[in-house]
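The values are calculated or read from the model by the stated rules, or taken from the named source; none is laboratory data. Because the structure is a prediction, the values reported are computed rather than measured. Positions of Cβ are generated from backbone atoms using ideal geometry, with glycine treated the same way; all protein chains shown enter the neighbour counts.
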Amino acid sequence: MELLKQKIRDEGIVLGEQVLKVDSFLNHQIDPKLMFAIGEHLAALFAAAGVTKVLTIESSGIAPAVMAAMKLDVPLIFARKRKSLTLQDDLYTHKVYSFTKQEESEVSVARKFVQADDVFLVIDDFLANGEAALGMARIVEQAGAKVAGIGIVIEKSFQPGRKRLIELGYRVESLARIASLSNGQVAFVE
Ligand code: G4P
Ligand code: NA
Ligand code: NA
């Protein structure tokens, strides 16, 4: 998605070799028109997939996901994240380990929002190791529902998330794919 790539070139800040800061349009300040365009792109990619609900994870997935859900005319559910959890049987939960933050958290979704006949589009802002996306997919499957695919705003293709998800059989669509952040430069996958 060229508009997104240009925004990353113009405003992205490369931190070391691994992290791209995009807090001027995605992770802190949000660019609503860009989010709208992102939502339209993701919705178009999955238009024929029979999606009945969109699932993302708080907080930064919500802005792009709500736009995609609006375009697909389906509800958006955002998974909640917390450090530890007393067992609650009205929730589906899955443990997610963040390599970036070096901490384990639990992702949860209320059972009442996931039905066995639902088809979910899973959306997230970043794909790094794939833990968050996989956690969401596993929650959908716990409920006996289907994952149509995983839509990502920015994929760090030099990290293992994409390969991992594809090997598990998921369809992965990323709007911007970053091959490298070496030498302070963003290089996109051709
Ligand atoms: P994974 O899900 O793909 O395994 O990723 P990981 O655990 O490494 O990511 C942990 C958090 O860091 C996530 O946000 C993720 O979106 C974010 N993240 C990972 N790599 C980058 C990056 O290069 N740049 C930016 N800006 N974020 C990155 P989170 O903790 O869930 O926070 P939020 O959704 O509330 O923003
Ligand atoms: Na994030
Ligand atoms: Na996220």
Matching entry among Ala79, Ala128, Ala69 (being among the aliphatic types (A, V, I, L, M), out of contact with any Leu (no Cβ under 9 Å at 6 or more places or on another chain) and either at pLDDT 95 or above or surrounded by 15 or more Cβ atoms within 10 Å (Cβ to Cβ) (or both)): Ala128
Looking only at segment 91-127, and only at residues there that are in a loop (DSSP other than H, G, I, E, B) and in contact with a Ser or Thr (Cβ under 9 Å, 6 or more places away or on another chain), the one that is nearest to ligand 1 (Cβ to nearest atom): Asp118
Selection within segment 55-69 - assigned to a helix (DSSP H, G or I), touching a helix residue (DSSP H, G or I) at 6+ places or on another chain (Cβ under 6 Å) and within 12 Å of ligand 2 (Cβ to nearest atom): Ala63, Pro64
Options Val54, Val22, Val109; residue that is among the β-branched types (Val, Ile, Thr) and in contact with a Gly (Cβ under 8 Å, 6 or more places away or on another chain): Val22
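Listed here are the residues, each with its yes/no results for (1) in contact with a helix residue (DSSP H, G or I) (Cβ under 9 Å, 6 or more places away or on another chain); (2) β-branched (Val, Ile, Thr); (3) within 15 Å of Leu175 (Cβ to Cβ); (4) in a helix (DSSP H, G or I).
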residue: Arg9; (1), (2), (3), (4): no, no, yes, yes
residue: Val14; (1), (2), (3), (4): yes, yes, no, no
residue: Leu20; (1), (2), (3), (4): yes, no, yes, no
residue: Ser24; (1), (2), (3), (4): yes, no, no, no
Qualifying residue in segment 133-143 (condition: in a helix (DSSP H, G or I), farther than 27 Å from Glu17 by Cα and among the small types (Gly, Ala, Ser)): yes
Filtered residue count, segment 1-30, keeping only those that are modelled with pLDDT under 95 and buried (at least 16 other Cβ atoms within 10 Å of the Cβ): 0
